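Here is the structure we will look at, set down as structure tokens.
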Amino acid sequence: METEMEIETEMEMEMETEMETEIETEMDMETEMEIEKETETEMETEMEIEMEIETEIEKETEIETETEIETQNNSVCERKIQILLFYRQLSSLMEEKFIMGYLAYTKGEM
């Protein structure tokens, strides 16, 4: 009888050990899954950061391009102003010559 009891006790202990092993295995699997989730989250975060960096680079490039265009436009405007000033001076000079010529002409008639 004692032998049967010992065998039974041993079997119970083996079953308990097996259950503990199963529980440990499940916990290990859960830990692995958590690690995988964390890794995925980290990768997603890295991708988001890379996208933000690319967006910032694009914005900076756009700003540089806009600045270059503004600089070119300013140069064109300055050139137009120079041309207008030249024509204004030329017009004043021509008007002065016309008046002097007209005065000389009218003096000649008198």
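Some values worked out for this structure:
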{"item": "Residue match in region 5-20 (condition: open to solvent by less than 100 Å² (accessible area, probe 1.4 Å), part of a helix (DSSP H, G or I), at pLDDT 90 or above and not hydrophobic (A, V, I, L, M, F, W, C))", "result": "yes"}
{"item": "So Glu48, is it at pLDDT below 95 and open to solvent by 100 Å² or more (accessible area, probe 1.4 Å)", "result": "no"}
{"item": "Some residue of region 91-105 being without any contact (Cβ under 8 Å) to a residue 24 or more places away in the chain, surrounded by fewer than 10 Cβ atoms within 10 Å (Cβ to Cβ) and assigned to a helix (DSSP H, G or I)", "result": "yes"}
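The values are calculated or read from the model by the stated rules, or taken from the named source; none is laboratory data. Note that the structure is predicted; figures quoted are calculated from it, not measured. Here Cβ is always computed from backbone atoms with ideal geometry, including for glycine, and neighbour counts include all displayed protein chains. Calculation scope for accessible area: heavy atoms of the full protein, side chains included, ligands and nucleic acids excluded. Shrake-Rupley method; radii C 1.70, N 1.55, O 1.52, S 1.80 Å.
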